[in-house]
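J.: Okay, here's the structure, questions in a sec.
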Amino acid sequence: MALKPEPTAPFHSVQYALRVLESVSKHGNGVTDAQISRETGLPTGHLASLLLTLRREGYVEQVSDGAYVIGASLLLLGSGAARRRALEDRLQLTLSELRDSVGAAVYLSRYVDGEVSVTQVADGPLTPAVNEWVDFRASAHASAVGKCLLAQLDHDGRRDHISRHRTARLTSRTITDEKILFSQLDAQAATVPVLDLQEYAVGTVCAAVPLTAGSAAGCLALSLPIEDAHRLRSAAETLSRRAAPVLLSLAL
């Protein structure tokens, strides 16, 4: 298969989004885009695109005079159990929209307490999730999700993981040599999706992009049956472009 990872378009900075939300939150009666631009230092052109994303996700609303106020999604993110439920629901809705946009099952994963954890999945009858025939915690060396998370760890973190989960050969394409695996992880650019071309499971291809909120390693991924492998490149690019709302929700 001739597919190779290539850089994808960068998504909006979550730091900028948070500055915009801070500006909007300070003005209970609404604030204009010009005022937001002055307070955040963001150019008008960049701000317009960012505000469009925040409006689409419900974090801000535009009232009749054109000013911006905080939106329902931001109000839902309070504290405690209610906040966790609202965040999970919001993330699931965003993942479902991504699933429909890319035409593939979508996964949200994190590296928690030394293990790969797939925390949320959006799949459906036409976009089935990959069959987890080997526990994802034990197959990080082969899956797009696992490799994307390992790429965000330092060398010692990777060695610790591999010492607890041997690099078993799952298919003829699986990389089992630790030096080769680490070399590929070191060469992986953050702007380039990590690919799994039938390394985890015969008949399935996957792609993953990093979602790093604070010090926690995370990623957003998709899977496709091998007959749809020709769509992997465009699907991965769409996934990368649409990752900002997911990362924003995690940061909030």
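J.: First select every other residue whose beta carbon is under 15 angstrom from the beta carbon of Val63; then total the charges, Lys and Arg +1, Asp and Glu -1.
T.: -2
J.: Just checking the chain: which Cys have no other cysteine's beta-carbon under 4.7 Å?
T.: Taking the Cβ cut-off of 4.7 Å, the unpaired cysteines of the chain are Cys206.
J.: In Å and whole numbers, how far do the C-alpha atoms of the chain stretch along each principal axis, longest first?
T.: Here the spans come out as 61, 38, 35 Å, largest first.
J.: Still on this structure, I have one more. Which value, in Å², gives the accessible area per residue of the chain when a 1.4 Å probe is used on the protein heavy atoms?
T.: Ligands and nucleic acids excluded, the figure is 48 Å² per residue.
J.: Could you tell me which trypsin sites (Lys or Arg not before Pro) in segment 172-252 are loop residues by DSSP with no more than 15 other beta carbons within 10 angstrom of their beta carbon?
T.: Within segment 172-252, the qualifying trypsin sites (Lys or Arg not before Pro) (loop, at most 15 other Cβ atoms within 10 Å) are Arg173.
J.: Between Val202 and Ser117, what is the FRET efficiency for a Förster distance of 22 Å, r being their Cβ-Cβ separation, to the nearest 0.05?
T.: 0.35
J.: I've got another one for you. Using only Cα atoms and rounding to the nearest 10 degrees, what angle (0 to 90) does helix 80-102 make with the longest principal axis of the chain?
T.: 70 degrees
J.: Another one. Within 15 Å, Cβ to Cβ, of Ile175, how many net charges do the neighbouring residues add up to if Lys/Arg are +1 and Asp/Glu are -1?
T.: Around Ile175, the surrounding residues sum to +1.
J.: Carbon-plus-sulfur fraction of the accessible area of the chain, 1.4 Å probe, in percent?
T.: 51 percent
The values are calculated or read from the model by the stated rules, or taken from the named source; none is laboratory data. Note that the coordinates shown come from a computational prediction; the quantities given were computed from them, not determined experimentally. No Cβ is skipped: glycine too gets one built from the backbone with ideal geometry, and neighbour counts run over all protein chains shown. When the accessible area is computed, the model is the full protein with side chains, heavy atoms only, and any ligands, DNA or RNA have been set aside. Shrake-Rupley method; radii C 1.70, N 1.55, O 1.52, S 1.80 Å.
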